[in-house]
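Encoded as structure tokens, the structure appears first; notes follow it.
The values are calculated or read from the model by the stated rules, or taken from the named source; none is laboratory data. As the structure is a prediction and not an experimental result, all values here were calculated from the model. In this analysis, Cβ positions are derived from the backbone assuming ideal geometry, glycine residues included, and neighbour counts consider all displayed protein chains. To get the accessible areas, we keep the full protein, side chains included, count just its heavy atoms, and leave off ligands, DNA and RNA. Shrake-Rupley method; radii C 1.70, N 1.55, O 1.52, S 1.80 Å.
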Amino acid sequence: MQKGKPKPKGSVLAALDVGSSKVACFIARVVDDDGTFEVLGVGHRPSQGVKNGIVVDLDEAESAIRQAVHAAENMAAAELRGYPLREVIANVSGVHIRSEGHSVDVQINGHDITDNDVLRALAHAQEHAATNEHELIHTIPTFFRVDGHDGIRDPRGMVGQSMQVDAHLVTGERGALRNLATSIERSHLDISACCVSSYAAGLACLVDDEIDLGCTVIDIGGGVTSFAVFHAGYMIHCDCVPAGGKHVTSDIARVLVTSVSDAERLKALYGSAIASHTDESDMIDVPALGENERSKPNLVPRALLIGIIQPRFEEIFEIIRQKLTDTGLGKIIGRRVVLTGGASQTPGLRDLAQHVLDKQVRLGRPIRLHGLPDAVSGPAFATAAGLLTYASEHTAEMPAEIMAQVRPESFVQRAKLWLKENW
Ligand SMILES: Nc1ncnc2c1ncn2[C@@H]1O[C@H](COP(=O)(O)OP(=O)(O)OP(=O)(O)O)[C@@H](O)[C@H]1O
Ligand SMILES: [Mg+2]
């Protein structure tokens, strides 16, 4: 199983990453059978109306989305032949997302296992996850067993009496998903599929060996730090911590009593997640809140700034370490961590993550998308880039696709489906 064949060469796809700090839209074309893309248009704007990954103000979110999409459409105008974008694949983020595993058995009765047997198993697993409050986002088969034999990557074509499938089901709260959809649809765009932000970041930045051997992607954005665990070719777990770079900025503004925009500037210019021996002697000038004209500088040691930044990131990594332990996945989580998201650019953050998580840590950036302008080729754009890969290669994990393709096996099941569809 695992990833499917990419969409045919020449297919044009559009991704929309609605984040807490920025909204980004990428339009790209599949250029190779290995799933690489060429960029046709990009647009990004500071986000509004999004908090901790969730849309909290429809009008504001709609306006940022509209502007980012227009900018990308304009850049890709020649390729789109003047037509507006019709559909996008969108990211989903926030604490409402749940990740859980379900194991289901289906009877094979001695025939060859077909695509439809796998679909039947997944459709059956989906029944466990969707509720009145939660909607399915991903249905990922992670493990197959045929007549008790495990270690099977693709059961299709094998013969057996029964097949067991472990599925990783990811759901999100219907309300949060609805608000995201409304803010996008108001810009006259359909959503072709949704993908969890950290999953997309992993699809954009991980090499195949990392996805196979076990790796955790931690996407540190503005309002949320989301993470996804990959193993044996699949995403097997995802979760998040509702804090990110914006929280660091407001910590700085509060402690140094300066404006949020000055705090953001100080963070970008002098910030670090790890202290060094010169920090006590290096002095930085902090504009005091509300004072437009300043007679003398307000100098504070750089060590004070780092002393604000470090504990916040340390806390985020400690929560992630605990959450990873709580999954009970043990060693299969692997020793590798890849950091993405805008805040991963904080100097020293890689070392801090390595220290707290006790893993090998590297910084990630999109690797499957050619022609990205420098300004949008960094780790903050990993999610947008990965949404394209998800749309191209992972349609088999989309719950609606599974339901659309599955055929009921028995007469009773067919009758049930007929009744469901017609009454
Ligand atoms: N060079 C940098 N050094 C440190 N932090 C940075 C840098 N560049 C951006 N950031 C921080 O990255 C954060 C934004 O990251 P990103 O663009 O990934 O967020 P987002 O995707 O909009 O939000 P989220 O995923 O949380 O909903 C901001 O808090 C910003 O301060
Ligand atoms: Mg993000």
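Worth a mention:
- The set of residues in region 287-320 that are of a type in the set (K, R) and at pLDDT below 95 comprises R294, K296.
- Hey, D112 among the charged types (D, E, K, R), surrounded by fewer than 19 Cβ atoms within 10 Å (Cβ to Cβ) and within 29 Å of I333 (Cβ to Cβ) or not: no
- Total residues in region 61-99 satisfying the condition of being on the phi > 0 side of the Ramachandran plot and surrounded by fewer than 24 Cβ atoms within 10 Å (Cβ to Cβ): the figure is 2.
- Positions within region 195-233 being within 16 Å of ligand 1 (Cβ to nearest atom), in a strand (DSSP E or B) and in contact with a helix residue (DSSP H, G or I) (Cβ under 7 Å, 6 or more places away or on another chain), in sequence order: C195, V217, I218, D219, I220, T225, S226, F227, A228
- Search result, residues across region 325-378 that are part of a helix (DSSP H, G or I) and more than 15 Å from ligand 1 (Cβ to nearest atom): T325, D326, G330, K331, I332, I333, Q354, H355, V356, L357
- Some residue of region 258-271 being farther than 30 Å from V207 by Cα and over 30 Å from the mean Cα position of the chain (by Cα): yes
- Spans of strands (runs of 3 or more DSSP E) in region 5-120 with at least 3 residues within 13 Å of ligand 1 (Cβ to nearest atom), of a type outside the set (A, V, I, L, M, F, W, C) and not assigned by TED's automatic domain parsing to the domain that holds D147: 37-46
- Subset of region 379-412 that is open to solvent by less than 20 Å² (accessible area, probe 1.4 Å) and among the polar types (S, T, N, Q) - its residue that is farthest from ligand 1 (Cβ to nearest atom): S392
- In the set (1) polar (S, T, N, Q); (2) within 13 Å of ligand 2 (Cβ to nearest atom); (3) under 20 Å from C205 (Cα atoms), N52 fails one condition alone, (3).
- L58 vs. criteria of a type in the set (A, V, I, L, M) and open to solvent by less than 30 Å² (accessible area, probe 1.4 Å): no
- Scanning region 234-269 for residues that are in contact (Cβ under 8 Å) with a residue 40 or more places away in the chain and assigned to a helix (DSSP H, G or I) turns up G245, K246, H247, V248, D251, I252, V255, L256, K267.
- The single condition among (1) over 15 Å from P399 (Cα atoms); (2) small (G, A, S); (3) within 16 Å of ligand 2 (Cβ to nearest atom) that G172 does not satisfy is (1).
- Selected residue (criterion: nearest to G334 (Cα to Cα)) from residues of region 205-222 that are without any contact (Cβ under 8 Å) to a residue 60 or more places away in the chain and among the charged types (D, E, K, R): D212
- Residue match in region 48-67 (condition: over 19 Å from the mean Cα position of the chain (by Cα), modelled with pLDDT under 95, among the acidic types (D, E) and more than 26 Å from K5 (Cβ to Cβ)): no
- Of the residues making up region 10-18, one or more are over 19 Å from G371 (Cα atoms), within 16 Å of ligand 2 (Cβ to nearest atom) and touching a residue at least 24 places away in the same chain (Cβ under 8 Å).
- Screening I152 with (1) over 17 Å from A232 (Cβ atoms); (2) touching a Lys or Arg at 6+ places or on another chain (Cβ under 8 Å); (3) open to solvent by less than 30 Å² (accessible area, probe 1.4 Å); (4) of a type outside the set (F, W, Y) gives one miss only, at (1).
- Any hit, region 242-252, residues being farther than 30 Å from D34 by Cβ, touching a Lys or Arg at 6+ places or on another chain (Cβ under 7 Å), open to solvent by less than 10 Å² (accessible area, probe 1.4 Å) and polar (S, T, N, Q): yes
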